[in-house]
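Read through the structure below, which is laid out as structure tokens, and then see the notes.
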Amino acid sequence: MTFKTSSHTLPDLYEASIAELQDSLARGHFSGVQLVKAYLSRIEEVNLKGPALHAVIEINPKALSQAEALDDERKEKGSRGPLHGIPLLLKDNIATLHEEVNRDLDKEWIRLQVPTHCWVLLLPRDAFAAAKLREAGAIFIGKANLSEWASMRGQVPCGFSGRGGQNICPYYPNADPRGSSSGSGVAMAIGLAAGSLGSETDGSIVLPSSRNNIVGIKPTIGLVSRSGVIPISSHQDTAGPMCRSVTDATLLLKSISGPDPRDEATLHQPGIVPDYMQALDKNALKGARLGVPRAFIRDVKTMEETFNSSLDVFRALGAEIVDPADFPDADELVASIAEDRVLDVDFKVDLNKYLSELVDVPTGVTTLAGLIEFNKAHADQELPAPFYTDQSQLIKSEATQVDDAYFSALAEDFDLGRTRGIDATLAQFNLDAIVLPTDALAPKPAAIAGYPLISVPLGFQPDDVEILPATPSPLYTQAPGLPFGIAFMGTAYSEFKLIGYAYAFEQATRVRLQRRAYDDAIPRTQLTDVMFQ
């Protein structure tokens, strides 16, 4: 849908692409200030009011003044590029400049459970990925809600944080938004910003992207810097884009990739980062060999038929499908608990290191052990009954240590995920990539290997599907119309190839456009509403 003024057509912010917005900004159809105002109004409509989706945890009080400055810069010096004046959201574990903290939003702004609010007050710089976006001219209009401590607190429903509240998927009332980057997924689903960043350790980008009918790219570990991002695991963490299209996600990935001296993993990238925008080829699937690991497609009956039908789409686009193409270590990988041990230890080590490097902490909490006690002391806010009282994962992690069992588990992860996993499967079947439903076992192999994964919209749960709640949770995990995605998996630094396949599939199917969120969850504000005030 588009909206006409007297002389031109304005994009519908529910679906507007970054390129459409940039073109309109360049033509002077509206200003960056007006664009920011429109997005802020959309957030106001549905975030705490109406359906109360709780997708955004923080508004940048300087967003309008920054937009004004970028408007002036465009007039005087020209555009910085495709992100000049484009409003974005960042997951609230990604640091931004301390002066962008909105202290008036909540009297409890210094509480520990507002991750970057405490840390960003003490960091004089953006996270590396945020800095690159800001340099490109992007405007951070706010922070997206998340699963507290990126789902490392305990058995707590997805999308809940002590300050942000319970995030909700907009495709069915009270639906589970999935993954720890839940706010980014929900915000993108209904157009609360032009693009967003999430972070992933195991599924936290791709799962909320799948559930919220958007595109998520989880990069190879080392392609995007983690400096300034609150850690879980130095072996599995990465930031990555979450957007409504492969094109938008690719633009953000291109913008945030590259070496950073503060993150050693990025210093081992193989040469110059490719121009990923060149991968956007509708014919990219011609001649590609794609494997289907059937052994991993379990417990996804509501989406398996749609996935099987998608294989004909790939064939029609010129790809060869190898089905089955099972991992030689499939049973071992599914049964392995090595990842649990690695994450338990890494979280304690990496979080304590992160906290130790801060100049000051308002709460006085400087260790994981201190965090656990803080939660107990503020249980009414941080551990509210009946669904949010658990912090067993924090306690479990605190009890760990770096020992032989840890190093053995790390070696097992690399062996199962890389050597006998993704790399062995690609070699055995002479594959270019692997495809499977995102909600199947897609996240785990890529997570333990540190390899890339892209999720693209695939379909929607049937209208007659049984409504099922998560346990323990007030949310629904299965309900009519809930979206699900398809995942593209490859070896290290194969993003260029995977983006091409994902783009060709997206352009051929246009699944995202087949269904919108439920009516009350769709904000009504458009650019015309703020342009003539």
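The values are calculated or read from the model by the stated rules, or taken from the named source; none is laboratory data. Treat the numbers as computed from the prediction; the structure is a model and nothing was measured. Note that each Cβ is placed from the backbone with ideal geometry, even for glycine, and that neighbours are counted across all protein chains shown. Note: accessible area is taken over every heavy atom of the protein model, side chains too, but ligands, DNA and RNA are not part of it. Shrake-Rupley method; radii C 1.70, N 1.55, O 1.52, S 1.80 Å.
Things to note:
- If you filter the range 490-504 down to residues that are crowded, with 24+ Cβ neighbours inside 10 Å and in contact with a Phe, Trp or Tyr (Cβ under 7 Å, 6 or more places away or on another chain), you find that the one that is farthest from Gln278 (Cα to Cα) is Gly490.
- Test: Glu466 is among the charged types (D, E, K, R), surrounded by fewer than 24 Cβ atoms within 10 Å (Cβ to Cβ) and in contact with a helix residue (DSSP H, G or I) (Cβ under 7 Å, 6 or more places away or on another chain): no
- Listed by first and then second residue, the pairs with beta-carbon distance under 6 Å, at least 6 apart or on different chains, first residue in the range 379-398 and touching a residue at least 12 places away in the same chain (Cβ under 8 Å) and part of a helix (DSSP H, G or I), second of a type in the set (S, T, N, Q) and open to solvent by less than 40 Å² (accessible area, probe 1.4 Å), are Glu382/Gln113; Glu382/Asn375.
- Hits in the range 269-296 (condition: open to solvent by 80 Å² or more (accessible area, probe 1.4 Å) and more than 24 Å from the chain's Cα centre (by Cα)): Pro270, Ile272, Lys282, Asn283, Lys286
- Among the residues of the range 238-255, some residue qualifies, meaning at least one is within 29 Å of Leu40 (Cα to Cα), crowded, with 22+ Cβ neighbours inside 10 Å and free of Cβ contacts under 8 Å to residues at least 24 places away in the same chain.
- Among the residues of the range 399-430, those identified as in a helix (DSSP H, G or I), among the hydrophobic types (A, V, I, L, M, F, W, C) and within 30 Å of Leu371 (Cβ to Cβ) are Ala405, Phe407, Ala409, Leu410, Ala411, Phe414.
- Pair list, Cβ under 6 Å, 6 or more apart: the range 333-349 residue closer than 13 Å to Thr400 by Cβ, other residue of a type in the set (Asp, Glu) and buried (at least 23 other Cβ atoms within 10 Å of the Cβ): Val342/Asp413
- From the list Ala487, Ala424, the lone residue that is crowded, with 19+ Cβ neighbours inside 10 Å, in contact with a Pro (Cβ under 8 Å, 6 or more places away or on another chain) and within 20 Å of Val334 (Cβ to Cβ) is Ala487.
Residue-wise test of (1) over 23 Å from Arg211 (Cβ atoms); (2) open to solvent by 20 Å² or more (accessible area, probe 1.4 Å).
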site: Arg298; (1), (2): no, yes
site: Glu305; (1), (2): no, yes
site: Leu317; (1), (2): yes, yes
site: Ile321; (1), (2): yes, yes
site: Asp329; (1), (2): yes, no
site: Arg341; (1), (2): yes, yes
site: Phe347; (1), (2): yes, no
site: Leu355; (1), (2): yes, no
site: Leu371; (1), (2): yes, no
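- Hits in the range 158-170 (condition: modelled with pLDDT of 95 or more and either among the polar types (S, T, N, Q) or open to solvent by less than 10 Å² (accessible area, probe 1.4 Å) (or both)): Gly159, Gln166, Asn167, Cys169, Pro170
- Residues being open to solvent by less than 10 Å² (accessible area, probe 1.4 Å) and more than 22 Å from the chain's Cα centre (by Cα) - total across the range 64-83: 1
- Within the range 19-60, being in a loop (DSSP other than H, G, I, E, B) and surrounded by 16 or more Cβ atoms within 10 Å (Cβ to Cβ) holds for His29, Phe30, Ser31, Asn47, Pro51, Leu53, His54, Ala55, Asn60.
- Per-region count, the range 431-453, residues crowded, with 24+ Cβ neighbours inside 10 Å and either part of a helix (DSSP H, G or I) or in contact with a Gly (Cβ under 7 Å, 6 or more places away or on another chain) (or both): 11
- Yes/no for Ile486 being touching a helix residue (DSSP H, G or I) at 6+ places or on another chain (Cβ under 9 Å), under 25 Å from Lys444 (Cβ atoms) and outside any strand (DSSP E or B): no
Okay, residues lined up against (1) in contact with a helix residue (DSSP H, G or I) (Cβ under 8 Å, 6 or more places away or on another chain); (2) at pLDDT below 95; (3) closer than 18 Å to Gly162 by Cα:
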residue	(1), (2), (3)
Val36	yes, no, no
Arg42	no, no, no
Glu45	no, no, no
Gly50	yes, no, no
Lys75	no, no, no
Pro87	yes, no, no
Lys91	yes, no, yes
Trp109	yes, yes, yes
Pro124	yes, yes, no
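- In this structure, Leu513 qualifies as surrounded by fewer than 19 Cβ atoms within 10 Å (Cβ to Cβ), under 21 Å from the mean Cα position of the chain (by Cα) and in a helix (DSSP H, G or I).
- Qualifying residue in the range 180-195 (condition: β-branched (Val, Ile, Thr), open to solvent by less than 10 Å² (accessible area, probe 1.4 Å), part of a loop (DSSP other than H, G, I, E, B) and touching a Lys or Arg at 6+ places or on another chain (Cβ under 6 Å)): no
- Number of the condition not met by Gly203 [criteria: (1) open to solvent by less than 10 Å² (accessible area, probe 1.4 Å); (2) in a loop (DSSP other than H, G, I, E, B); (3) in contact with a Ser or Thr (Cβ under 8 Å, 6 or more places away or on another chain)]: (3)
- Subset of the range 206-231 (residues that are open to solvent by 10 Å² or more (accessible area, probe 1.4 Å) and hydrophobic (A, V, I, L, M, F, W, C)): Leu207, Ile221, Val229, Ile230
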